[in-house]
Each structure stands twice: as C-alpha cells, then as structure tokens.
Amino acid sequence: MTLILVAELEGHKDRVWQLSWHPSGERLASCSGDRTVRIWAPSDPGLLSADSFPEKPAPGAWKALDQIESTHKRTVRSVAYEPTTGKQIATASFDGTTSIWEYDEYQGYECEATLEGHENEVKCVSWSPSGQLLATCGRDKSVWIWEAVGGGDFDCISVLMEHTHDVKFVTWHPTEEILASVSYDNTVRIWKEDDDDWYCTKILEGHTSTVWSADFSPDGSYLVTVSDDLTVKFWKAPSVKTSSEIEFVPDSGSWDLAYTVPAQAHTRPIYSVSWSHHASDSGNHGLVATGGGDNTLRIFKTVLNGGRDKTGFEATLVEELKNAHGQYDINCVKWNPCQKYSCWLATAGDDGVVRIWYYTA
Amino acid sequence: MSFSGGVRLTDLNDFIAPSQECIKPVEVKKTSATKSTVEIGSDGGYYEVTKEGSATKLEEAQVTLNDCLACSGCVTSAETILIAMQSHEELISVLKANVLAKREQRNSDLRTVVVTISPQTRASIARKYNLTTTKAGMRLAKFLKTAGVDFVFDSAFSRDLSLMASAKEFVDLYRNRQVGSLSEQTFPILSSWCPGWICYAEKTHPEILPYISKVKSPQQIMGVLVKTYLAQSLGCSPDKIYHVSVMPCYDKKLEASRSDFYNDMYRTRDVDCVITTGEIERMIVEAGSSVQDLDEQSFDGQFCGQGDLNLARSAGSSAGGYLEYVMSYAASALFGMTIPADSIANPAGSGLKRTLVRNHPDHQEITLSHPQTGEQLLRFATVYGFRHLQNMVRKLKTGRCSYDYVEVAACPGACGNGGGQLRPPETSPKSLKEWANSVENTYKASEPCQTPEENLALAEVLSNWLPQGIDQPWPKKVLFTSYHAVQQATNGLGVKW
C-alpha cells in the first residue's frame, strides 16, 4: 500500500467543496455547503516530515485551528490562500460574492473586502502567483480579473464574457500572468493581458462535455484538464522560458493536446485534478491526482520522452483507491504545494470530511 | 448580434437552456364562456372548439421584447424577437407598403418615414470608407431618400436638447444640495443615455437608480420631437409616422422598446425601429449599392444643426459630450466662471485638470478648482466600459464615490466603439482597439463644435414647441423618464453546481 490515510478531518456540517493549502504547506483550508471555512493543521508540525505512519489514522494527528464563520448567505464553493504570505484567504460563494479575509491576532479572521459583480453563483476564486491578481468565475458565464489596490481591496480590471455557459473553474499559470478557465461549454480558454486589456488567446477544444477543473504542472509547461466526458487531457503550453517568447496569437499552433487518458479514466464525471510538486527529473514529470463522481481517487504518473505520444508525453495510472470518501463524490483533490511536502495529498468529499493522505511511489 | 457587456451579463442575450423555459405567463383570451376544447387544425394552428362544434382559431401567444425586458427569467432567444421587431427588413417592408399604398391610392395607409442618424454612425462609416463624417452622413441620406424615406435627421440635434436638460437638472440638484433640501442621496449624478448601463442598473443594482439622471437619451428625445412636434406640423397623428433611428449600439433597440416610450392612445412608439450602423451598411449592400458609389444629399433642416453647417457636433468624446457641457454650464451657473465646453476636452489652465485614473483612458477625472483659492469646485469623471463601471458601482455602494457627475458608457471607448458599429477587416484584439481609436478620432475631427445654445434650428423649434422653457412641468414629461427596478426571481431549479 503506497497511499496511506493519515487523518480524517470531521467538522463540516455539509459537503466539502474545495481545499487550499497555505503556501508554507503546513495548513489547509476547506470550504463547505455549511457556509464556513475551516483551517486545519497537524497537531505536531513534525508530522509533515515523517515518512512512516500507523496503519490506521491516529485521532488528533491533525486538528482544527480556526474557523471562518463566513458572512456568505449561501454555500462557499471555493477557497484560496493568498500564495505569497498566506495572510489572506479568498472565498467565493453561491451568493454571488467573493470575500477577502485577513487574520487578526485578536479578532480572528476578518472580512477585508467583498467583491460584488457576478450576477449569480461564483464558482471559483484563484489567486495569481504574485498575489496581485485575483480571478473569479461563475454561472453568469463570465470570468472576472481583479487587481489588489491595497488595504485588502480589489478593483475589477476585466470582465471576460466569451464562454457560452457556466464557467466552473479558473487557475493561474505558476510563473506567468496567464489564466486558464474551464466551462460547461466544453472548452478551456487561455487568457493573457496585453496593453492593459485581457484577451482570450486560445480556446482549447477537445473535451466533449463539461470541463470541471484544471491544473498547471509546477513548471508551467503543461496544463491538465478533467471533464464530464470521463477523460483527463494534457495540453502542451508554449515555451515559457521568457515571457517575450510567448506568442499569444489566437489559433496559433501552441497549446497542442499532448495526451488523453482515455474515457473510463473514471466511470463518472471527474470533478477535480491536481498536479504534484515533486521535483521533476529528466523523465519524471510528477504525479497527477484525480477524483470525481465515481468515488475513486486515482493517481497518474506523468513521463516525458519515453511516452508513445508524438510530444513524448504520457500519463500512466499508478494508484487507484475506490471509495476514498465512502459512497460519496470526491469534490476536490489537492497536492501540497511545497516540494518538501510533496507526498501529501488532501481530498474533500460530499461526506463532509477532509482526508489527508501520504503517498510514496 | 453583440450587446454591451452590461446587457450580456444580465442574461439578456441568453438562449433558453434545455432546463430553462420561459416563465412569462401568457394570457389567452377565451372566445366562449362555455366549456370548449382546443384542437390542432390541419394547418397546424390551434382551434378552440365549442360544444356546438364551431371552431375559432386561437391567437398565437407572443412574447415581446418588452415582456422579456420586464421579466427576470430567461430571455428567450431574444435575437429572433429583435429581428422581428427591430431590423432593417422591417424598415424595408414599411417602405414597400408605402409604395403599394401609393400605387393603389390608399392614402390613408401611407406613413411618413423618418430616419434619425447618430453622429457615431457617420463616424464609423466615414472611417471605413475614408470619407468625412458629413459626406458619410449625406451618402446615407441619399440612400435613404432614394429608398423612399421622407425625412432624414441628425440625432446630434436632439442631443443638444438632452444636453441642455442634463445641465439644468444637474445645476438644480446641486443648488438643492447646497440648501440641504434633497430628500435622498442623489450625488454623483450618473448620466442616463447609455441603454446598456440602464439595463444593467435596473436588473442588478436597483439601489443606485436614484443617482441616475432622469433626462432622456438623444434617441428618445428625437422620438418625442418626431411624434409630437413633427406630427403636428405635418398635421398627422403620431402613428402615421414611422420613425427609425440608426445607432452605434444594439442596446438602443431595447431602449426604444421600453414601455415608457410607448404611446397608448395611438398605439405607437416614439422610435418604432432601431437599426445599427452595421445593419444600414448591409441594407445598402443588399440593395446592390455601396457607400463608395452613393451620391450625396443634405439632411432635412428641421432637426439639424444650423444654416449651411447642417451638421455640427458637441465638444467631447463619442459618448456625446455630456460631461463637457454639464461642467461648462455648471461652472457658469454656479460659480460665474466661463469655461467653454471644448476647453474641457483638452484643458489648459483656468482651474481645470483632467487625469487618467490609473493611466486608463476609459476612466478619467476632470476637476474644476477655484482659480485663486485652489478650492475644488466640481469633480466629474468619465467611466466607460464594464470594468470601470463595475468599480464605480462598488465605490458608490460603499460611499466612496466622491464625484459630482459621471458620464457612464457600457462600452470601452464609449459609443464610437459600440457593438453595432462596423468592424475592421482584421479582428485581432490589437486591431480592434486601433480601429476604435481611429473611429473616435474621426468622430472628433468631424464637424465644427457647437454648443446647444448655438443650435439655431433647435432654438426655433423650442420657441414654438416649448415656449415656456425646458423646466416647466410639461417639458419635464417629454424630456424626462424614469427607471424601474427589475425584481430578481431566484429559481432554485436553475442552479447547476
């Protein structure tokens, strides 16, 4: 057994939607239909550096640190730690708003700003790696980009209305100011700024049903997307050595589809995907975890060069765990973003539980 | 069809998704009081069949654009409704009906056809065909007149009246604020002529409706002029005039369809049909002609600029020059300062300052300070494009919007860049932007600037039409309008995770 369940975090009173690791990798935030955000951490910080664990999860190995009794009027669908310091947390809710929370020693988490604008349910919030930009998306088919203006507040700098349906998820490129959005319209769109305006530079077509989630490889050279069509697709990003090398001409040859884990990668819609932060050597390109409606957690090993695909890219299934959240859907899978903790994986499900896993190859 | 961002975001351009259906209750008038059944006839129509066996064809239920505007449910495939009501085909069919009526000597069926062309439309045509805006307008006039249109007017004419009413409204409110007699928060005053912005505000931010100027847009003021003043001078009833406006914007079709601009007595709208710049170009092409080959003809003088100038423009951007004129008028009326409107576009000295907010041309601040004391007297802003509009609304709601007046447009770059304008051959984001800039420059380089007071034709119309001045109760009714919050119906069934 290479996938070890280390902790089961109970407390949410409704399904858990999404997870976000603190940039230190030593805390985890979860958001839920119960309208709260909970912050979790190992009781003993040394735990994260351990490499052997009891067979059964030890009660109290992880604990609830804090809780944001959010003022959101409906489900908190998405949560994101500010990625440079982790001092702020962004939450996106079905009540149509996005909130920015900052930790105060005496008051706990306080709402610094509420970003209104989406017409209805906000589905996802994502912080750019610099912490300067925030992207949100939702049922109103739009993607909004916000810029930090100090004091915890943000100005809207763009409203992108090119998706033809519900936008499910947004995520930023790890090194460039490039945003990917995925939608119920079956497409993935890549956005970039030029001369103070944001443009769709590429539409990735290939999925035949709703695209639920996406993640960039840690070096930004690939994007992985998962869909209702039961496939996992890998797209080759244009060279990102320097930003001047990226030519974002619409419909240019970049962003080729590199590899598809064929249908039946899962037997039901795949809701979440996460690319691990393992140090990649020449061939090994890290691990990709997926989870979804078939209650199964899967881990794929990605390899370059040796693969059968023309780009040399291949993903092979290395781990499969049925009923990772019992008979419940898996809504989110998230690898720890710190290289030294790259074996840690967190998952969240409709059972209202957050699970912490340790994976060794 | 491309509505502005505000309209698109409020779902107006939405199609019925498989799970959603129109929730608008349709009233069916029963023809018989007794029990009857509904059957489908051999022609596919629905018939109400009474017990006695007599069948009456039932009217087809129709959802109009106006039903959709008043509803917060889906908005059907709004495009098909728009195409039925507001298209150049509609104009062509009216012209054809006139020809037929003339031939058959049915004079009572003849309708006077009036077309009002916006200056932004002329700028777009001029840019594409490398003409001056005046020539572009005169070619459109020639084309329309040849097609059977009776009058061609310039909407810059009615805009002058809209500008005057806006300036007067601002100064009145400002004075009321000074003496503390405003019952509710009304500042900043937000301009009202952009229908995309109005639609967005009504559907999503009803609490900011009190801030919006109540002055009608140039299109709707022209609508009143045509259907009252012109109708009177022609000695006909308003429904005998078919009034079309040519606009840079699809949202203008929604504006014309508002029930506020419908005359119940004569069952007619102030503006019967709105076509966009792109649609009039298509109309020319479909007629087997081209803008290059058209001859030129003057606009009709009743509602156009003055004398030989014929066409004139107001100082300011393609948004229409509201900010400039309101500030110029207010500086004079409130502080006794002479600040010409065209000096506000490019201020040099005299206490005026124009700054780009965070270096963006679509959000500018224009302040007027006392030349001696340096005290800030007026603080105005332009807010173009959904992004800036959005930030303004957020600031307004949290009480951090300290402007006195804001010129609001839903489109980036304002109306020269409206969704109904002609597109450049290249459609990369960069060329679209350059094109929009060059249309704006064409607009600004068009006819000489003129203030509303210098519009002699307008002065003449006003002396006949509104001799008592523009702040009397009756003119308020024709120059002002009101806004209506749209109740949001939350439909739990529509939620998709």
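Out of the residues in the stretch A:114-143 that are more than 17 Å from the chain's Cα centre (by Cα) and crowded, with 21+ Cβ neighbours inside 10 Å, which is nearest to residue A:68 (Cα to Cα)? The qualifying residue nearest to residue A:68 (Cα to Cα) is A:115.
Suppose the filter is surrounded by fewer than 23 Cβ atoms within 10 Å (Cβ to Cβ), touching a residue at least 12 places away in the same chain (Cβ under 8 Å), out of contact with any Asp or Glu (no Cβ under 7 Å at 6 or more places or on another chain) and away from chain B (no Cβ under 14 Å); does residue A:63 pass it? Here the answer is yes, as residue A:63 does meet what is asked.
The single condition among (1) within 14 Å of another protein chain (Cβ to nearest Cβ); (2) in contact (Cβ under 8 Å) with a residue 60 or more places away in the chain; (3) part of a loop (DSSP other than H, G, I, E, B) that residue B:400 does not satisfy is (2).
Per this entry, residue A:225 is not counted among residues that are closer than 20 Å to residue A:121 by Cβ and under 19 Å from the mean Cα position of the chain (by Cα).
Please find, within the stretch B:362-381, the residue that is nearest to the other protein chains (Cβ to nearest Cβ) out of those that are among the polar types (S, T, N, Q) and more than 29 Å from residue B:207 (Cβ to Cβ). Steps first, answer last, please.
Keep residues of the stretch B:362-381 that are among the polar types (S, T, N, Q), which gives B:364, B:367, B:369, B:372-373, B:376.
Next, from what is left, pick out any that are more than 29 Å from residue B:207 (Cβ to Cβ): B:369, B:372-373.
Numbers: B:369: 25, B:372: 34, B:373: 31 Å.
Only one residue fits best here, namely B:369.
Answer yes or no as to whether residue A:71 is touching a Cys at 6+ places or on another chain (Cβ under 7 Å) and over 27 Å from residue A:165 (Cα atoms). Considered against the rule, which asks whether it is touching a Cys at 6+ places or on another chain (Cβ under 7 Å) and over 27 Å from residue A:165 (Cα atoms), residue A:71 comes out as yes. Across the stretch A:265-294, the number of residues qualifying as part of a loop (DSSP other than H, G, I, E, B) and under 17 Å from residue A:4 (Cα atoms) comes to 1.
For residue B:294, the stated conditions hold: it is closer than 27 Å to residue B:448 by Cβ, surrounded by fewer than 24 Cβ atoms within 10 Å (Cβ to Cβ) and of a type in the set (A, V, I, L, M). I want to confirm something. Restricting to the stretch B:391-444 and keeping residues that are surrounded by 21 or more Cβ atoms within 10 Å (Cβ to Cβ) and polar (S, T, N, Q), which single residue is nearest to residue B:209 (Cα to Cα)? Checked the stretch B:391-444; the qualifying residue nearest to residue B:209 (Cα to Cα) is B:391.
When we screen B:430, B:496 for residues that are among the charged types (D, E, K, R), more than 22 Å from residue A:115 (Cα to Cα), modelled with pLDDT under 90 and out of contact with any helix residue (DSSP H, G or I) (no Cβ under 9 Å at 6 or more places or on another chain), the only hit is B:430. Of B:391, B:441, all but one fail to be within 14 Å of another protein chain (Cβ to nearest Cβ) and either part of a loop (DSSP other than H, G, I, E, B) or at pLDDT below 95 (or both); the exception is B:391.
A single entry from B:274, B:246 fulfils the requirement of being out of contact with any Lys or Arg (no Cβ under 6 Å at 6 or more places or on another chain) and crowded, with 16+ Cβ neighbours inside 10 Å: B:246.
Table: residues versus (1) within 14 Å of chain A (Cβ to nearest Cβ); (2) surrounded by fewer than 24 Cβ atoms within 10 Å (Cβ to Cβ); (3) touching a residue at least 12 places away in the same chain (Cβ under 8 Å).
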{"site": "B:196", "(1), (2), (3)": "yes, no, yes"}
{"site": "B:199", "(1), (2), (3)": "yes, no, yes"}
{"site": "B:211", "(1), (2), (3)": "no, yes, yes"}
{"site": "B:218", "(1), (2), (3)": "no, no, yes"}
{"site": "B:225", "(1), (2), (3)": "no, no, yes"}
{"site": "B:228", "(1), (2), (3)": "no, yes, yes"}
{"site": "B:232", "(1), (2), (3)": "no, yes, no"}
{"site": "B:236", "(1), (2), (3)": "no, yes, yes"}
{"site": "B:240", "(1), (2), (3)": "no, yes, yes"}
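Residue B:431 fulfils the conditions (1) touching a residue at least 24 places away in the same chain (Cβ under 8 Å); (2) in a helix (DSSP H, G or I) except for a single criterion, (1). Taking the condition more than 18 Å from residue B:277 (Cα to Cα) and within 14 Å of chain A (Cβ to nearest Cβ), does residue B:434 pass? For residue B:434, the condition - more than 18 Å from residue B:277 (Cα to Cα) and within 14 Å of chain A (Cβ to nearest Cβ) - is met. Of all residues in the stretch A:164-180, exactly one satisfies the criterion of being over 14 Å from the mean Cα position of the chain (by Cα), within 14 Å of another protein chain (Cβ to nearest Cβ) and crowded, with 24+ Cβ neighbours inside 10 Å, namely A:167.
Would you check which residues across the stretch A:181-206 are assigned to a loop (DSSP other than H, G, I, E, B) and either more than 9 Å from every other protein chain (Cβ to nearest Cβ) or touching a residue at least 40 places away in the same chain (Cβ under 8 Å) (or both) and list them?
First, pick out the residues of the stretch A:181-206 that are assigned to a loop (DSSP other than H, G, I, E, B): A:184-187, A:195-196, A:205-206.
Selection gives A:185, A:186, A:187, A:205, A:206.
Do we find that residue A:119 is in contact with a helix residue (DSSP H, G or I) (Cβ under 7 Å, 6 or more places away or on another chain), farther than 20 Å from residue A:297 by Cβ and modelled with pLDDT under 95 in this structure? For residue A:119, the condition - in contact with a helix residue (DSSP H, G or I) (Cβ under 7 Å, 6 or more places away or on another chain), farther than 20 Å from residue A:297 by Cβ and modelled with pLDDT under 95 - is met. With respect to (1) modelled with pLDDT of 95 or more; (2) among the small types (Gly, Ala, Ser); (3) assigned to a loop (DSSP other than H, G, I, E, B), the lone exception for residue B:332 is condition (3). The numbered conditions (1) in a helix (DSSP H, G or I); (2) within 27 Å of residue B:449 (Cβ to Cβ); (3) modelled with pLDDT of 90 or more are all true for residue B:232 except (2).
Looking at the stretch A:79-97, which of its residues are of a type in the set (Ser, Thr, Tyr), assigned to a strand (DSSP E or B) and over 15 Å from residue A:172 (Cβ atoms)?
Answer for the stretch A:79-97, where residues must be of a type in the set (Ser, Thr, Tyr), assigned to a strand (DSSP E or B) and over 15 Å from residue A:172 (Cβ atoms): A:91, A:93.
Here is the figure for the stretch A:148-161: residues that are surrounded by fewer than 19 Cβ atoms within 10 Å (Cβ to Cβ) and either more than 10 Å from chain B (Cβ to nearest Cβ) or modelled with pLDDT of 95 or more (or both) total 3.
Given the residues B:325, B:384, which is the only one that is crowded, with 24+ Cβ neighbours inside 10 Å and either more than 14 Å from chain A (Cβ to nearest Cβ) or under 19 Å from residue B:169 (Cα atoms) (or both)?
Numbers: B:384 fails: either more than 14 Å from chain A (Cβ to nearest Cβ) or under 19 Å from residue B:169 (Cα atoms) (or both).
B:325 is the lone residue from the list that is crowded, with 24+ Cβ neighbours inside 10 Å and either more than 14 Å from chain A (Cβ to nearest Cβ) or under 19 Å from residue B:169 (Cα atoms) (or both).
On the stretch given as the stretch B:111-153, residues that are in a strand (DSSP E or B) and buried (at least 19 other Cβ atoms within 10 Å of the Cβ) total 8. Going through (1) within 30 Å of residue A:2 (Cα to Cα); (2) outside any strand (DSSP E or B); (3) in contact with a Phe, Trp or Tyr (Cβ under 9 Å, 6 or more places away or on another chain); (4) not acidic (Asp, Glu) one by one, residue A:117 falls short only on (1). Residues in the stretch A:113-133 that are within 13 Å of chain B (Cβ to nearest Cβ) and β-branched (Val, Ile, Thr): A:114, A:122.
If the Cβ limit is 6 Å and pairs must be 6+ apart or interchain, which residue in the stretch A:143-162 that is over 17 Å from residue A:195 (Cα atoms) pairs with which residue that is crowded, with 22+ Cβ neighbours inside 10 Å and basic (Lys, Arg)? If the second residue must be crowded, with 22+ Cβ neighbours inside 10 Å and basic (Lys, Arg), the pairs left are A:161/B:8.
Among the residues of the stretch B:338-361, not a single one is of a type in the set (D, E, K, R), under 23 Å from the mean Cα position of the chain (by Cα) and either within 13 Å of chain A (Cβ to nearest Cβ) or buried (at least 22 other Cβ atoms within 10 Å of the Cβ) (or both).
The values are calculated or read from the model by the stated rules, or taken from the named source; none is laboratory data. Predicted model, so just to flag it, every value in this text is computed and none were measured. All Cβ positions, glycine included, derive from the backbone under ideal geometry; neighbour counts span all protein chains shown.
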